[in-house]
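Student: Take this structure, written in structure tokens, and hold onto it; I'll ask about it next.
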Amino acid sequence: MWGRALPTHLILPGSPPVEVVLKRSARAKRLSLRVSGLDGRVSLTLPPRARLREAEAFLQEKEGWLRAALARNPEVVLVAPGAEVLFQGAAHQVELASVKAVQVDGDRLLVPARAPERTGARVEAFLKLQARQRLQAASDLYAERLGLPYGRLTLRDTRSRWGSCSAEGNLNYSWRLIMAPADVLDYVAAHEVAHLAEMNHSAAFWDVVTRLYGDYDEQRGWLRTHGAQLHRYRFTD
């Protein structure tokens, strides 16, 4: 059956070439092209019976729009020696050094010099560890203030939200929050802990957030304005 032979990717030639992820959807009525505002990934959704040549023609037709949309997106940063990566809201340059583990030295992130091809993976592991420690400490603080316990704390690389609280009281966070300013991370923790008392976004919920954290307008605004920048970093090819 032709549908099973659909490739997972197409390359739109040009300067630079653009990789496009192909997806079929039983609900799609027409071809639909999307550029992620978070990491610039391009996806093309096809109706069940659309053919590959239709996808190729559609991409050619939409090339101008696609390249303009990509130009508006933050430039992707591959984390490697010499790159700059955000840590707690400040840019840190990644440098190879005679260290046993990743460590912060002023505005530098020092990474073990052995196996430099693993630099990105090592920085990612460091950021995840720091994120877990900071988010757990913040969640503990706000849960104690609220007087309600939470369940598990899980880190993910979510794109659509910075955190969530399940009906069972489990907290989920994006580990990329460790790249945001510390007060922004604290605000997100207070926001999710507040859901232990109010599983909604009513006026009562925002009152709880204010009681736990204080005025949050600046931190909420930072995420709206700069949050997408945290997704521009890639740690592996």
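The values are calculated or read from the model by the stated rules, or taken from the named source; none is laboratory data. Since the structure is predicted, the reported quantities are computational estimates derived from the model, not experimental observations. A quick note on method: Cβ atoms are made from the backbone with ideal geometry, for glycine too, and the neighbour counts reach across all protein chains shown. These accessible areas exclude ligands, DNA and RNA; they are computed on the full protein's heavy atoms, side chains included. Shrake-Rupley method; radii C 1.70, N 1.55, O 1.52, S 1.80 Å.
Student: Defining a contact as two alpha carbons under 8 Å apart and six or more residues distant in sequence, what relative contact order in percent does segment 1-107 show?
Tutor: Numbers: 120 pairs, mean separation 18.4, N = 107.
About 17 percent, as a whole number.
Student: Tell me the relative contact order for segment 159-237 as a rounded percent, counting alpha carbon contacts under 8 Å between residues six or more apart. Kindly include the intermediate steps, with their values, before the conclusion.
Tutor: Working: 62 pairs, mean separation 22.9, N = 79.
Relative contact order comes out at 29 percent.
Student: Can you list residues from other chains, or at least 5 along the same chain, whose modelled amide H is less than 5 Å from the amide H of Arg24?
Tutor: Leu46
Student: With charges set only on the Cβ (+1 for Lys and Arg, -1 for Asp and Glu), what does the dipole of segment 39-82 come to about its Cα centre, in debye to the nearest 20?
Tutor: Details: 7 positive and 6 negative charges, 33 e Å.
With only Lys, Arg, Asp and Glu charged at Cβ, the dipole is about 160 debye.
Student: Give me the one-decimal nm value for the distance between modelled label points at Ala57 and Ser98, 7 Å along each residue's Cα-to-Cβ direction.
Tutor: 6.5
Student: Another question, if that's okay. Please turn the phi angles of segment 130-140 into ³J(HN,Hα) values with the Karplus equation 6.51 cos²θ - 1.76 cosθ + 1.60 (θ = phi - 60°), one per residue in order, whole Hz, x for glycine and proline.
Tutor: Per-residue couplings from phi come out as 4, 4, 4, 5, 5, 6, 5, 4, 5, 5, 4 Hz.
Student: Please get the size of the charge dipole for segment 107-155, origin at its Cα centre, with Cβ charges of +1 on Lys and Arg and -1 on Asp and Glu, quoted in debye to the nearest 20. Don't skip to the answer; put the middle values down first.
Tutor: Numbers: 9 positive and 5 negative charges, 30 e Å.
Rounded to the nearest 20 debye, it is 140 debye.
Student: Ratio of alpha-carbon Rg to the 2.2 N^0.38 Å globular estimate for the chain, to two decimals, please.
Tutor: The reported ratio for this selection is 1.21.
Student: Give me the 1.4 Å probe accessible area per residue for segment 155-237, excluding ligands and nucleic acids, in Å². Before the final figure, lay out each step's value.
Tutor: Numbers: 3840 Å² over 83 residues.
It amounts to 46 Å² per residue over segment 155-237.
Student: Let me ask something else. Modelled label-to-label distance, Arg108 and Glu144, 7 Å Cα→beta-carbon offset: nm?
Tutor: Here the modelled spin labels are 3.7 nm apart.
Student: List, in order, the whole-Hz ³J(HN,Hα) value for each residue of segment 99-108 obtained from phi through the Karplus relation with A = 6.51, B = -1.76, C = 1.60 and θ = phi - 60°; use x for Gly and Pro.
Tutor: 3J(HN,Hα) across segment 99-108, in whole Hz: 10, 8, 8, 4, 8, 8, 9, x, 9, 10.
Student: When the dipole is taken about the Cα centre of the chain, and only Lys, Arg (+1) and Asp, Glu (-1) are charged at their Cβ, what size is it in debye, to the nearest 20? Mind dumping the intermediate values first?
Tutor: Working: 33 positive and 26 negative charges, 268 e Å.
Here the chain has a charge dipole of around 1280 debye.
Student: Give me the percent of accessible area attributable to carbon and sulfur for segment 146-196, probe 1.4 angstrom.
Tutor: Working: 910 of 1930 Å².
Of all accessible area on segment 146-196, carbon and sulfur atoms account for 47 percent.
Student: Here is a follow-up. Near the amide H of Val99, under 5 Å away, which other amide H atoms are found, from residues 5 or more places off or on another chain, if H is placed in the peptide plane?
Tutor: The answer is Ala113.
Student: Now for a separate question. Starting from the Cα of Lys23, draw a straight line to each of the aspartates and glutamates and keep only those under 20 Å, dropping any in the same chain fewer than 8 residues away.
Tutor: Asp39, Glu54, Glu56, Glu61, Glu63
Student: Ok, one more. Can you give me the accessible area per residue for segment 15-82, using a 1.4 Å probe, in Å²?
Tutor: Accessible area per residue: 63 Å².
Student: Please report, as a whole percent, how much of the solvent-accessible surface of segment 3-79 comes from carbon and sulfur atoms (probe radius 1.4 Å).
Tutor: Values: 2530 of 4950 Å².
The value for segment 3-79 is 51 percent carbon and sulfur by accessible area.
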